[in-house]
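Enquirer: Quick one: structure below, then a few questions.
The values are calculated or read from the model by the stated rules, or taken from the named source; none is laboratory data. Source: prediction; values computed, not measured. Glycine also receives a Cβ, built like all others from the backbone with ideal geometry; neighbour counts cover every protein chain displayed.
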Amino acid sequence: MSVHAQPKVTSPQPHAATPPRRSFSFFHALRFRESYCAWIFIAPALIGFLTFYLMPAFRALYISLTDWNLLRVPKFIGPANFSKLWNDPNFWNSMKVTVLYVLYNIPIQTVIGLLLAVLLARLGRSVILRSVILAPYLIANVIAAIIWFWMLDPLLGFGNAVLQWIGIGRIPFFTDQQLALPTIAVVNIWRHMGLTALLFYTGIQAIPRDIYEAARIEGAGAWRSFFGITLPLIRPTMVFVLVTSIIGSFQVFDSIAVTTLGGPNYATRTIVWYIYENGFVNFRMGYASALSCALFVCLAIVTLVQMRILRSGQSELG
């Protein structure tokens, strides 16, 4: 009888403990340190946003549901202010004046800024020239409005003196019901067209020169290159300019405060000036807050429509 050898059974040896992955812990610590530094740099702006924008916005929403004259405790009245707003002809008139101001201001300002940007890109790239174009924007809006108010004064203004000298006669720009709003729009255009031009100029500089060279070889002229290359490729800049310009135009206040005070005959009473009148002249802070909320909703809708139409999330450059 043969005896078979039994295989030797060895007990499994415990695996040695895997040493910690130093690289993982190093990069984890580095990532944590970078995020910590990032939060430190973001903190001042974040605190300022929460303190001066977000919290007042929620506070304004609450006040819009109250009756408050700044002297007594706010009395909660629900959506009564919004119902009153909907049936307020002065609100709709102020919105009409504001939209009219935007229509006076934005198209001309955008076209002039775009033309100046093209001229800067083609004719001159001097820093001094760009500084001269930007100079009006460096003047405070109130100062610019006062300067133009004095220059166009019907009796003592230099501008009216020139008009009388060339035979046109003196024109009451800021006191005429038909001319007051366009005049304020012209002041705003003069002040902001330099900034608009530099923004467009920056967008044009980002376009590769090879595209223009290829178009020139194909026989494209200046106008065809402008409409076929420049305009499509600066669409992100165009979206930024239009969105910020329209929001700023809806919020026009300081130029009116130092020139027309909403007149003559409410011809320049924009929505922000109407909010100011209700809140700080008539002491109806609850209703003024409701007007502010309505303005916020209008601006949000206008901005979303612009970004959708202009396809802000797409770029022809890829």
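Enquirer: Quick one: in segment 145-171, which of the residues that are closer than 19 Å to A185 by Cα and aliphatic (A, V, I, L, M) is surrounded by the fewest Cβ atoms within 10 Å (Cβ to Cβ)?
Expert: I147
Enquirer: Looking for something in the same structural domain as L199 (by TED's automatic domain parsing) and more than 26 Å from the chain's Cα centre (by Cα) - is there at least one such residue anywhere in segment 132-146?
Expert: No, because not a single residue in segment 132-146 is in the same structural domain as L199 (by TED's automatic domain parsing) and more than 26 Å from the chain's Cα centre (by Cα).
Enquirer: Looking only at segment 151-192, which residues are of a type outside the set (S, T, N, Q), more than 26 Å from L116 (Cα to Cα), assigned to a helix (DSSP H, G or I) and modelled with pLDDT under 95?
Expert: Scanning segment 151-192 gives F158, A161, V162, L163, W165.
Enquirer: Could you list, in sequence order, the residues of segment 172-181 that are surrounded by 17 or more Cβ atoms within 10 Å (Cβ to Cβ) and either closer than 19 Å to L103 by Cβ or among the small types (G, A, S) (or both)?
Expert: F173, L179, A180, L181 - these are the residues of segment 172-181 that are surrounded by 17 or more Cβ atoms within 10 Å (Cβ to Cβ) and either closer than 19 Å to L103 by Cβ or among the small types (G, A, S) (or both).
Enquirer: Of a type outside the set (D, E), more than 30 Å from F174 (Cβ to Cβ), crowded, with 16+ Cβ neighbours inside 10 Å and touching a Leu at 6+ places or on another chain (Cβ under 6 Å) - does that describe any residue in segment 255-278?
Expert: Within segment 255-278 (the criterion being of a type outside the set (D, E), more than 30 Å from F174 (Cβ to Cβ), crowded, with 16+ Cβ neighbours inside 10 Å and touching a Leu at 6+ places or on another chain (Cβ under 6 Å)), the answer is no, since none of the residues qualifies.
Enquirer: Which pairs turn up if I take residues in segment 188-211 that are of a type in the set (K, R) and look for partners that are surrounded by fewer than 16 Cβ atoms within 10 Å (Cβ to Cβ) with beta carbon separation below 9 Å, at least 6 apart in sequence or on another chain?
Expert: That search, which allows pairs on different chains as well, returns R191/I139.
Enquirer: Let me ask another. From (1) of a type in the set (V, I, T); (2) surrounded by 18 or more Cβ atoms within 10 Å (Cβ to Cβ); (3) in a loop (DSSP other than H, G, I, E, B); (4) modelled with pLDDT under 90, pick out the condition that doesn't hold for I207.
Expert: (2)
Enquirer: Count, please, the residues in segment 253-271 that happen to be of a type outside the set (S, T, Y) and under 15 Å from I146 (Cα atoms).
Expert: Going through segment 253-271 one residue at a time, the tally reaches 6.
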